[in-house]
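The values are calculated or read from the model by the stated rules, or taken from the named source; none is laboratory data. As the structure is a computational prediction, the values presented were derived from the model and not from experiment. As a convention, Cβ positions derive from the backbone with ideal geometry for all residues, glycine included, and neighbour counts pool all protein chains shown. When the accessible area is computed, the model is the full protein with side chains, heavy atoms only, and any ligands, DNA or RNA have been set aside. Shrake-Rupley method; radii C 1.70, N 1.55, O 1.52, S 1.80 Å.
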Amino acid sequence: GLFMESESHQAIYTVPASGGKAVQVSPEREAILLPRWSSNGERIYLRAYHETDGVTIAYVPAAGGDFFEVPVPSERKLVSVVPGGGLNVSPDGKRIVISAFQQPWRVEEGLDIWTVALDGGAPTRLTSDRQREGHPCWSPDGQRIAFTKREQKSEDEDSYHIIYTIPARG
């Protein structure tokens, strides 16, 4: 038999909307997910994974450059999830909304919706229950956040998702 292992690396590329050549704007990393433009188009936010740092929220300048981690000061590390982690930037460009858990994960806490201040302020928990909330996104005016919640009436039935909204301030 033959066993081969290769390291996977990913990078962020941009392409002009009118077409053209793709340009790599970030260094390669083990895992880059959920790239999202800032509201002013100057940054690309993403969920990054690095073997030593774990999961982080980071950005790269849209014109290209190195990764910059968004500081998320909290007692327990906040980890966004995949799929459904969101990582959507608010219309005013000041916050990101994510679906995340705190490490160490506790089953009674579920997956909740959080906002993270891009200037390094403390994260704000918007939901707090055992359910799995995901796919958060801002309303165009930034006043509300829509998200899905996984529902299941019994173990014999399939689960389904319901869309909810909540005020962006909690």
- request: Please work out how much accessible surface HIS50 shows to a 1.4 Å probe, ignoring ligands, DNA and RNA, in Å² rounded to 10.
  value: 60 Å²
query: For VAL55, what charge total do you get from the other residues with a beta carbon under 10 Å from its beta carbon, if Lys and Arg give +1 and Asp and Glu give -1?
result: +1
task: Please report the relative contact order for region 45-170, taking Cα pairs under 8 Å with a sequence separation of at least 6, and give it as a percent rounded to a whole number.
output: 17 percent
field: Residue order for TYR59, TYR49, TYR13 - accessible surface, 1.4 angstrom probe, largest first
entry: TYR13, TYR49, TYR59
message: Quick query: amide H of ILE12 versus all other amide H atoms, modeled in the peptide plane; which residues come in under 5 Å with a sequence gap of 5 or more or a different chain?
response: VAL25, SER26
- prompt: Once the whole set of protein chains is in place, how much accessible area is left on SER128, using a 1.4 Å probe, in Å² to the nearest 10?
  reply: 90 Å²
query: Among PHE101, PHE68, PHE147, which one moves the most in a GNM of the chain with springs linking Cα atoms closer than 10 Å?
result: PHE68
query: What is the set of long-range amide H partners of ALA168 at a cut-off below 5 Å, with H atoms built 1.01 Å from backbone N?
result: ARG144, ILE145
field: Sulfur and carbon atoms: percent of accessible area, region 81-168 [1.4 Å]
entry: 49 percent
field: Protein-only accessible surface order, largest first, of GLU75, GLU151, GLU157, GLU51 at 1.4 Å
entry: GLU75, GLU51, GLU157, GLU151
message: Let me cross-check GLU28: its accessible surface, 1.4 Å probe, with only protein heavy atoms counted, in Å² to the nearest 10?
response: 110 Å²
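Among ASP66, ASP156, what's the order by accessible area (1.4 angstrom probe), most exposed first?
Correct descending sequence by accessible area is ASP156, ASP66.
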field: Accessible area (Å², per residue) of the chain, counting only protein heavy atoms and a probe of 1.4 Å
entry: 60 Å²
task: With a cut-off of at most 16 other beta carbons within 10 Å, and DSSP calling the residue loop, which trypsin sites (Lys or Arg not before Pro) in region 68-134 qualify? Please list them.
output: ARG76, LYS77, LYS94, ARG106, ARG130
